[in-house]
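Notes follow once the structure below has been shown.
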Amino acid sequence: MEPWLVSTLILAAYMLLTLILGWVAGRKLEVDVEDFFLYGRKAGFLVLYLAVVATYHSAFAFLGAPAYFYRHGLGFLDAGCWTLLVGILTVIYAPRIHKLGKAFRCLTPADLFAAYFRHPAVRPVIALLCMVFSVFYIQVQSMGLGYILHSISGARISYPLAVGLLLGVAAVYVMTGGLRAVYWTDVLQGVWMYVAVWLGAAYILFARFDSLGEFWRTVAAKSPAHLTLPGPENFFSYPMWFSFLIIFSMGVFLQPHIFIRFYTARSSGMLKRLGATTPLYLTSLYIPICFVGLAGVVLVDQLSVPPASADQIFPALLTELAPVWLTGLVLAGAAAASMSTMDAILHVNSLVFTQDIYQHYIAPGRTGAHYIAVGRAVIFVLLVISFFLSVFEPKFLVHLVALSSSGALLLWPGLQEILFPGSLRLGPRALLAGIVAGLLALLVALFWGLTPLGFHAGIWATIINFSVAVGAARLWHEGGAELARPFRDALREEA
Amino acid sequence: MKEPQPHTPAEPVRRDKSVRRSLWLLLLLLVLTQYPLLTLFNDGTPFLFGFPRLFCYLGGVFLLFFVLFILLASSKE
C-alpha cells in the first residue's frame, strides 16, 4: 500500500470514530436546552478532565509549540509555568464559577455578568466580546486541520476539500450530540493526542541519538544559544516571558469555551481536584514537544525536504524519520488537538448566540426544542463562515487572531468582582468603562505593533482595564453592597 | 468564681487562613520567579546546558509545586 494512503486511512479511521461517538451521544440527548448546551450539568471527573485538557491544547501544541522551541530554544519552557498557573486559577476561580452558575441558572458567561451587574448593556457587550474573540479561533484550527490532511495525503486531497471535510465532521457531531458529543470526542482526542506526541518524540530522538545526554550535548554544540535565555533571537526577555505567562493562562482560562466547562461539573469540589491535577497533563505534554523542537535544530540540515516554515518542523521530522503508520498516528493526534478546540468553540458560539442574543432579543419564550434547532443552525452558519475564512485567509485576520488571544482578559476585572463579591466595588458603568478603555488600548497597541517596555499589548490592556474600572467605581460610587449581597449569599449557601 | 470561657474556634480558623494565604503566595512566587532563577545560571556556563541538572531542577520545582498545590486544593475553604 502507498505510504500516503496508510497515513490518510489512519486519519480517516480517527474521523470515523469521532462521528460514531457523536452519533451515540446524539441518541442519548434529551430535548432540553441544558442537556444540549451544558451536558445537563452532570459531567463526571474523568470526562471533564479530558474535556478541559483537550480543549486547552489546540493545533498550537503540535505545530506552533515545537516551532517556538525550534526558533527560540528553552525560553518556551515558559509553557510549563503558564500551565501550572492554569491549575492555580482553576482551583481559585472554577468552584466559584460553578456555584454561582448553578445558583443563578447561568448558561453563558454573559448570564453571570448580567445577573450580577443588572444593567441592560452588560449582556450584549459580554456576549459580543465572547463571540468576537473566540470565533476567529475556529478559522485558525480549521486551517491547521486543512494543512494536516492536505500534507498527509501528499497533496492528493486539495486544501479547500481538506478544510471542508474536517470542518464538516466536527460540525456534524456537534450538531448531533451537542456538548455531550463534544465531551465524548474530547475523551478520545485527549488520550490520542497525548499518546501520539510522546510516541512521535521518542521515535525521532531514539532514531538518531543513543541517549538523552548525547542529544543534549549535540544541541549544546550546534546552537548553544538555544539552551540559554533569552534565546538565539533574544525573543524571551522577562517582559515577553511574563506576557506569555498571563495571556496563555488567564487569557485562555477566561475564553468562553473553557469558562462554560466549569458550569457543567457535577460538583464544585470536583473542580478543585481538577485544578490540582490538570497541570500533570498540560505541563507534561510540553516535555516531548521541547525535545521535538530542539531535535529540529540539530537535524534540520539533514532533512531531504526541509520544512516550509517553522510550524512544519514536527511533520517534516516525522515524514523523514518515522515509519508511515506512526506519522499517520501522530498527525491524527494533531488533528485531534485542533478538532477538540474547534468543536468547543463552534459549540460555545452557538450557545452564546442562541442564549444571549436570539433568546433575549429576537424570540423570547419559545420551547427548548426551538432553541436547540436554532443552535444547530448557528453551528452550520459558523461552519460556512469558517470555511470561507480558511480558504481565502483575508490579511486582516492576522490582527484579529492576535486580538482574540488577549481579548478574553478584558473580562477579568468583572469576573474578579463577581466571584469575590464587592472586592473591587465595581458597578455596571465602571465595568463597561474599563472594558472600552482596555479594548481601545489593545486595538491601538496591536495595530501599531506597540510593546512598551517589552510587554505584550494584552498586558497593557489588562492594566488599563483594571485601572479605569476601579478608578471609575471610586468616582461614581455605583457598586457595592447591594450588587454583591445576593452573590455573597449564594456562595455562602452553597459552601 | 469566674465562669470558664467558652472555646472559640476563631483563632485556629484565622491561623489556618493565614497559612493558606502564605502558601498561595509561595506558589505564585514559585511560578513568577522561574525566569530570573533560570537566568541566574546563565553566566558563561549556562545552567540549561547540563541536561540532568536542568531536568533535576525542573522536576524538583514541579514536585514542590504539586506538594503545595495538593495541600491547598485539599484544604477546606
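Within the set of other residues whose C-beta is less than 14 Å from the C-beta of A:G22, count the net charge using Lys and Arg as +1 and Asp and Glu as -1. List each step's numbers first, then the result.
On the way: positive: A:R27, A:K28, A:R180, A:R376; negative: A:D186, A:D343.
Spelling it out: positives minus negatives among the neighbours equals +2.
Choose one of A:T83, A:A308, A:H360: the residue whose Cα lies farthest towards the positive end of the charge dipole of region A:3-397 (beta-carbon charges +1 Lys, Arg; -1 Asp, Glu; about the Cα centre).
Projecting each Cα onto the dipole axis, the largest value belongs to A:H360.
Would you calculate the separation in nanometres between label points at A:F420 and B:L64, each defined as 7 Å from the Cα along the Cα-to-beta-carbon direction?
Between A:F420 and B:L64, the simple spin-label model gives 2.5 nm.
Over the Cα atoms of region A:109-241, what is the Rg over Rh ratio if Rh follows Kirkwood?
Here Rg/Rh amounts to 1.12.
Multiply the residue separation of A:K102 and A:A225 by 0.36 nm, subtract the distance between their alpha-carbon atoms, and state the gained length in nm to one decimal.
Separation in residues times 0.36 nm, less the Cα-Cα distance, equals 39.2 nm.
Per residue of chain A, what 222 nm ellipticity follows from adding -39500 (n - 2.57) for every DSSP H run with n ≥ 4, rounded to the nearest 500?
-24500 deg cm²/dmol
As a footprinting exposure proxy, order A:M342, A:M131 by other Cβ within 10 Å, with the fewest listed first.
Going from sparsest to densest Cβ surroundings: A:M131, A:M342.
Using a simple spin-label model with points 7 Å from Cα along the Cα→Cβ vector, what separation in nm is obtained for A:A121 and A:V436?
Inter-label distance under the simple model: 0.5 nm.
Only sites in a loop by DSSP and with at most 10 other Cβ atoms within 10 Å count here; which chymotrypsin sites (Phe, Trp or Tyr not before Pro) in region A:75-136 make the cut? Mind dumping the intermediate values first?
Working: sites: A:F76, A:W82, A:Y93, A:F104, A:F113, A:Y116, A:F117, A:F133, A:F136; in loops: A:F104.
Loop-located and lightly packed - none at all.
Run the simple label-point estimate for B:T33 and A:A13 please: 7 Å along Cα→C-beta, distance reported in nm.
Label at B:T33, label at A:A13, 5.0 nm between them.
Please state, to two decimals, what the Cα-based radius of gyration of region A:182-263 comes to when divided by 2.2 N^0.38 Å (N = residues).
Taking the Cα Rg and dividing by 2.2 N^0.38 Å, one obtains 1.57.
Rounded, prolate or oblate: pick one for region A:43-127, where a ≥ b ≥ c are the square roots of the eigenvalues of its C-alpha gyration tensor, a/c under 1.5 means rounded, and failing that, prolate if a/b is larger than b/c, else oblate.
The shape class here is prolate.
Between A:Y159 and A:R492, what length in nm is gained on full extension when 0.36 nm per residue of separation is reduced by their alpha carbon distance? Could you put the intermediate results ahead of the total?
Numbers: separation 333, 0.36 × 333 = 119.88 nm, distance 5.38 nm.
Result: 114.5 nm gained on full extension.
For the residues A:S423, A:S7, what sequence is obtained by ranking on other C-beta atoms within 10 Å, fewest first?
A:S423, A:S7
Could you list which residues have their amide H under 5 Å from that of A:G479, counting only those 5 or more apart in sequence or on another chain, with H placed in the peptide plane?
A:G427
With the Cα gyration tensor of region A:1-82 giving a ≥ b ≥ c as the square roots of its eigenvalues, does the rule (a/c under 1.5 for rounded; else a/b larger than b/c for prolate; else oblate) give rounded, prolate or oblate?
It is oblate, given that a/c is not under 1.5 and a/b is not larger than b/c.
Per residue of region A:214-220, in order, report the coupling 6.51 cos²θ - 1.76 cosθ + 1.60 (Karplus, θ = phi - 60°) as ³J(HN,Hα) in whole Hz, putting x for Gly and Pro.
For region A:214-220, the Karplus curve yields 5, 4, 5, 5, 5, 4, 4 Hz.
Could you tell me what fraction of 2.2 N^0.38 Å the Cα radius of gyration of region A:3-397 comes to, as a two-decimal ratio?
Numbers: Rg = 21.1 Å, N = 395, 2.2 N^0.38 = 21.3 Å.
Against the compact-globule rule of thumb, the ratio is 0.99.
Order these by the 10 Å Cβ neighbour count, fewest first: B:D16, A:D111.
Final ranking by Cβ density, sparse to dense: B:D16, A:D111.
So for region A:3-397, if I pair up every lysine 8 or more residues apart or on another chain, how many of those pairs have alpha-carbons under 25 Å apart?
Step by step, the pairs that qualify in region A:3-397 add up to 7.
Normalized C-alpha radius of gyration of region A:369-470, against 2.2 N^0.38 Å?
1.36
Compute the length gained on full extension between A:D32 and A:I385: take 0.36 nm times their separation in residues and subtract their Cα-Cα distance, giving the result in nm to one decimal.
Computed gain between A:D32 and A:I385 is 124.4 nm.
The numbers here are math on the coordinates, done by the rules we state, and not lab data. Bear in mind the structure is a predicted one, so any value in this text is a computation, not a measurement. Ideal geometry is used to build each Cβ from the backbone, glycine not excepted, and the neighbour counts take in all protein chains shown.
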